[in-house]
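The values are calculated or read from the model by the stated rules, or taken from the named source; none is laboratory data. Since this is a predicted model, take the numbers as computed values, not measurements. Here the Cβ positions follow ideal geometry from the backbone for every residue, glycine too, while neighbour counts run over all protein chains shown. These area figures cover heavy atoms from the full protein model, side chains too; ligands, DNA and RNA do not enter into them. Shrake-Rupley method; radii C 1.70, N 1.55, O 1.52, S 1.80 Å.
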Amino acid sequence: LAYGLIVLTHSVTGLLFSPFLGLYIVFLLVRRSFPCAVGLPVRRLAREALSPALAITLGLGLSAIFWLPLVLERVYIVQEQWFRGQYNYLLQFVYPHQFLSPFWGFGHAVEGPEDGMSLQIGALPIILGLLAAARALRGDIARRDLVGFLAITTVLIVFLMTPAARPLWQLAPLGGLVQFPWRMLALTALTTAALAGAAVAEKGEERFSAWACALGLLATLAGFPYTQPELTPITPRDESPLAILDFERRYPDMIGSTAWAQPPHDSPLVAQYESGGPLHKAIILSGEGTVEPIRHGGASEEVLVRAATEVRLQFLTYWYPGWRATVDGQPVEIGPEGPHGLITLNVPPGEHRVAIRFGDTPARSLAAAVSGLSRLTFLALGTRDIRRR
């Protein structure tokens, strides 16, 4: 369940966390099997690996409603938009001094070391991690192998965030999807937290000493200044659709596009949004007639068409698999047209109610079925466990 929720929460975090989780599972299997004879039966090792393999499979099944359409339908979007401009991962490495810098800001990451946001791990977590490693080497700490795994993993993660790791990122087939190598700080937050606990835990006891509690209080107080929020004035425009227009004007390289469209430089909808009046999201390309808006929704649109002749009607909405149209409630054929790949259809003469609505595709229906079945499986396993207890 936790793994599935990580994927649903943030796809790139799930992508980064999965290799770490895989290494951790391999580490646990090796540690559990190591005391046995060298010729460990393959059948026993397979039994040991079955439980985590099923857990990961079930987690992927629970989150399939999100990631499966992403994989199957990614050909329908311009994927280069993920790697260019500020999304170019080769421009977003962390410089070594930034891991210890106390700087804290509310800006964004830029090329070079002058980032407007903090990219620090922090001095105290690093010191506690070194202390845990030192205690493990002296044999003063339980589960020394686990501490060693966490320490080595932390060093590897830190290295991968620095410019020295550029050749490795260029070899990784999915490296560009990460966009910002500093996103791996999320993994160091996990590993350094575990190392900090190991540094202060008493050997063979599930408790902490008084000095460890004092150190924990010090860590809390040291981090307190970073909890202070930045009070940014909010205007009514910031809470309206106009804020999206402002963002796209400020960052044109972040505008997404479908595989049938060229990124637009302007739109007749801009003036409509600026005026604050009702949106007219359908126009007549050819033929004689008029169009009146009836209803505007986030995933649907309905207009009234009065056509003296057959007209070619175009909605100012990107065509994408899943969009469907009806004329007086009857399905009609639609498709992308023009340089921006907008939804276009034919409407016969007369007065008609024309509607479009965004729905499912076979890939999305399959993903929903997989997630639904996984959910039932998860509930069944949970119910069985409760009954056993």
- prompt: Quick one: would you say Pro125 is surrounded by 19 or more Cβ atoms within 10 Å (Cβ to Cβ) and touching a residue at least 12 places away in the same chain (Cβ under 8 Å)?
  reply: yes
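One line per residue, one yes/no per condition, for (1) modelled with pLDDT under 90; (2) open to solvent by less than 50 Å² (accessible area, probe 1.4 Å); (3) assigned to a helix (DSSP H, G or I); (4) more than 29 Å from Glu230 (Cβ to Cβ):
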residue	(1), (2), (3), (4)
Val94	no, yes, no, no
His97	no, no, yes, no
His108	yes, no, no, no
Glu111	yes, no, no, no
Arg135	yes, yes, yes, yes
Asp140	yes, no, no, yes
Leu150	no, yes, yes, yes
Thr154	no, yes, yes, yes
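For region 70-79, check the following and say yes or no: at least one residue is open to solvent by less than 50 Å² (accessible area, probe 1.4 Å), without any contact (Cβ under 8 Å) to a residue 12 or more places away in the chain and within 23 Å of Leu185 (Cβ to Cβ).
No, the conditions are met nowhere in region 70-79.
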task: Report yes if Arg43 is among the basic types (Lys, Arg) and within 30 Å of Gly382 (Cβ to Cβ), otherwise no.
output: yes
- prompt: Does Leu16 satisfy being over 27 Å from Leu379 (Cβ atoms), of a type outside the set (Gly, Ala, Ser) and either surrounded by fewer than 17 Cβ atoms within 10 Å (Cβ to Cβ) or at pLDDT 90 or above (or both)?
  reply: yes
- prompt: Residues of region 186-198 being surrounded by 19 or more Cβ atoms within 10 Å (Cβ to Cβ) and over 21 Å from Arg135 (Cα atoms), which ones?
  reply: Leu187
field: So Pro278, is it closer than 30 Å to Ala307 by Cα and loosely packed, with under 11 Cβ neighbours inside 10 Å
entry: yes
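Scan region 262-275 residue by residue and report those that are of a type in the set (Ser, Thr, Tyr), within 15 Å of Asp246 (Cβ to Cβ) and either in a helix (DSSP H, G or I) or open to solvent by 80 Å² or more (accessible area, probe 1.4 Å) (or both).
Tyr273
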query: Taking Leu245, is it exposed (fewer than 14 other Cβ atoms within 10 Å of the Cβ), at negative phi and modelled with pLDDT of 80 or more?
result: no
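Restricting the search to region 288-301, which residues are part of a loop (DSSP other than H, G, I, E, B) and within 30 Å of Arg74 (Cβ to Cβ)?
Selection gives Gly297, Gly298, Ala299.
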- request: Return yes or no: is Ile25 surrounded by 14 or more Cβ atoms within 10 Å (Cβ to Cβ), more than 16 Å from the chain's Cα centre (by Cα) and outside any loop (DSSP other than H, G, I, E, B)?
  value: yes
query: Looking at (1) touching a helix residue (DSSP H, G or I) at 6+ places or on another chain (Cβ under 7 Å); (2) surrounded by 13 or more Cβ atoms within 10 Å (Cβ to Cβ), which is the one condition that is false for Ile283?
result: (1)
- prompt: Out of all the residues in region 196-218, is one or more outside any helix (DSSP H, G or I), in contact (Cβ under 8 Å) with a residue 40 or more places away in the chain and touching a strand residue (DSSP E or B) at 6+ places or on another chain (Cβ under 8 Å)?
  reply: yes
- request: Go through region 302-347 and tell me which strands (runs of 3 or more DSSP E), entirely inside it, have 3 or more residues that are touching a strand residue (DSSP E or B) at 6+ places or on another chain (Cβ under 7 Å), open to solvent by less than 50 Å² (accessible area, probe 1.4 Å) and modelled with pLDDT of 95 or more.
  value: 311-318, 323-327, 342-347
First in region 226-247 and more than 26 Å from Ser275 (Cα to Cα), second anywhere and of a type outside the set (Phe, Trp, Tyr), Cβ under 8 Å, 6 or more apart: Tyr226/Ser118
Region 46-58, residues that are farther than 23 Å from Val370 by Cβ, open to solvent by less than 70 Å² (accessible area, probe 1.4 Å) and not small (Gly, Ala, Ser): Glu48
message: Checking Leu285 against (1) part of a helix (DSSP H, G or I); (2) touching a residue at least 40 places away in the same chain (Cβ under 8 Å); (3) of a type outside the set (Asp, Glu): exactly one of these is not met. Which one?
response: (1)
query: Met161 is checked against (1) out of contact with any Pro (no Cβ under 7 Å at 6 or more places or on another chain); (2) open to solvent by less than 40 Å² (accessible area, probe 1.4 Å) and fails just one. What number does that condition carry?
result: (1)
- prompt: Restricted to region 348-360, and to residues that are under 31 Å from the mean Cα position of the chain (by Cα) and open to solvent by 60 Å² or more (accessible area, probe 1.4 Å), which residue is modelled with the lowest pLDDT?
  reply: Asp360
query: So which residues in region 1-13 are open to solvent by 60 Å² or more (accessible area, probe 1.4 Å) and not hydrophobic (A, V, I, L, M, F, W, C), if there are any at all?
result: Thr9, His10
